[in-house]
Every structure is written in C-alpha cells, then in structure tokens.
Amino acid sequence: MKELILYFSRADENYFGGSLKYIEKGNTEVVAEKAAALTGADLFKVEPVKPYSADYNTCIEQAKKDMQSGVRPEVVAMPEDMSQYDLVTVMYPNYWGTMPMHMFTVLEQIDFEGKTVRPVCTHEGSGMGKSEADLKKCCPGAVIKKGLAIQGSSVGRCDDVLKKWLEA
Ligand SMILES: Cc1cc2nc3c(=O)[nH]c(=O)nc-3n(C[C@H](O)[C@H](O)[C@H](O)COP(=O)(O)O)c2cc1C
C-alpha cells in the first residue's frame with residue numbers, strides 16, 4: 001500500500017501555551033516528517049500562493065476572513081499522480097475549528113474514490129474541531145479513519161502516540 005502524507009503547516013510567529021514566539025518549522029511539519037520517517041510515505045506540502053502573514057495576529061485575521069467567506073485560496077502546486085496512492089494521511093493545523101482553506105482547495109481536486117484517508121490535526125486546545133466532518137465532504141468515496149489530534153506545543157514529544165496511531 002503506497003502512502004502520501006499531504007500537509008499544511010506554517011512557521012513564523014505562533015502561540016505556545018500563553019506566549020507568542022517565532023519558530024523555524026511549523027508544528028504540523030514536525031509531525032509530518034516524523035510520520036514519514038516511520039512509514040516511508042512520500043511527503044507533499046501544500047504551499048499557498050499568498051502565504052499568511054508571519055505576524056500571528058495578522059495571520060489569525062486573514063485566516064478567519066478566508067474561513068468565513070469560504071474561499072479556496074490558490075496553491076503553488078497540486079500533488080502529482082494521486083492514482084499511485086491508496087492511503088493519504090492528511091495533516092493540518094486547526095484553523096478556526098477546521099482545516100486551513102488551502103487544504104479544501106487541494107482536497108476538493110483529488111479523486112478519493114477507493115482511497116483511505118487518515119487525518120492528523122495539530123491544535124492549541126480545540127482538538128480536531130469539525131475538521132473530520134469537513135474532510136468527509138471534501139473526500140467523497142474515501143474511507144476516513146478516526147483522526148489523531150496533537151497539541152501543537154507538544155509535537156516534540158508525540159513520537160509514541162504517533163507511532164501507535166500509525167500502526168493501528
Ligand atoms: C490562523 C490560526 C487559527 C487557529 N485556530 C485555532 C483553533 O481554532 N483552535 C485551536 O485549538 N488552535 C488554533 N490555532 C493554533 C494552531 O492550530 C496550532 O498552533 C497548530 O499547531 C499550528 O500548526 P503549524 O505550526 O503546523 O501551522 C490557530 C492558529 C492559527 C495560526
């Protein structure tokens with residue numbers, strides 16, 4: 001079974017347990033790379049044509065506006081030849097209770113018929129939010145497994161729980 005890890009992640013300024021700090025690599029990217037090392041899956045990062053601001057508060061507002069208007073923001077590229085993958089592990093940060101809108105842009109263009117999808121969401125308190133329900137709408141025909149929620153500020157310590165979930 002061939003697997004793709006399809007993920008969105010943003011570095012720069014973010015909120016960690018009460019304070020703002022700049023990070024070089026986004027939380028979800030840390031998890032995606034750990035998972036790829038464990039499974040040997042291919043990795044594909046969803047890159048916005050217009051990235052959200054490096055400033056946390058500005059980013060929050062931009063993402064809120066996109067979520068409320070339901071836009072499908074442009075992405076730099078789509079993953080190639082999705083037909084080779086049976087398993088797609090979709091990883092994203094919780095943005096306003098669901099996936100970043102760029103994930104909707106990408107997922108809605110993929111034919112998921114016959115594929116298995118497993119979601120991983122990093123968050124800062126609200127877990128998966130309604131992302132699993134939204135994923136079901138974006139991926140008709142897919143079997144969607146129960147998701148894994150990981151607190152963003154603890155991705156450095158998620159190895160055991162991630163390994164167990166990936167093997168389940
Ligand atoms: C625009 C934005 C919206 C967010 N909304 C939520 C939210 O609704 N619930 C939550 O628990 N965390 C929220 N967070 C926190 C992120 O989900 C969390 O920090 C995540 O690990 C970031 O992943 P990344 O570093 O891979 O981008 C939000 C963060 C941002 C930047």
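What follows is calculated from the coordinates using simple rules that are stated; it is not laboratory data. Given the structure is predicted, the values throughout are model-derived calculations rather than measurements. Neighbour counts run over all protein chains shown; Cβ positions are idealised from the backbone, glycine included.
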Inset, instruction - Give the number of residues within the range 18-44 that are within 10 Å of the ligand (Cβ to nearest atom) and not hydrophobic (A, V, I, L, M, F, W, C). - result: 5
Inset, instruction - Can you confirm whether the range 13-30 contains a residue that is touching a residue at least 40 places away in the same chain (Cβ under 8 Å) and either small (G, A, S) or at positive phi (or both)? - result: yes
Legend entry - Flag if L162 is touching a Leu at 6+ places or on another chain (Cβ under 9 Å) and either buried (at least 21 other Cβ atoms within 10 Å of the Cβ) or over 21 Å from A41 (Cβ atoms) (or both): no
Inset, instruction - With the checklist (1) loosely packed, with under 15 Cβ neighbours inside 10 Å; (2) more than 22 Å from S153 (Cα to Cα); (3) touching a residue at least 12 places away in the same chain (Cβ under 8 Å) in hand, flag the one item K64 doesn't pass. - result: (2)
Inset, instruction - Give the residue that is farthest from K25 (Cα to Cα), with candidates limited to residues of the range 81-132 that are within 11 Å of the ligand (Cβ to nearest atom) and surrounded by fewer than 20 Cβ atoms within 10 Å (Cβ to Cβ). - result: K130
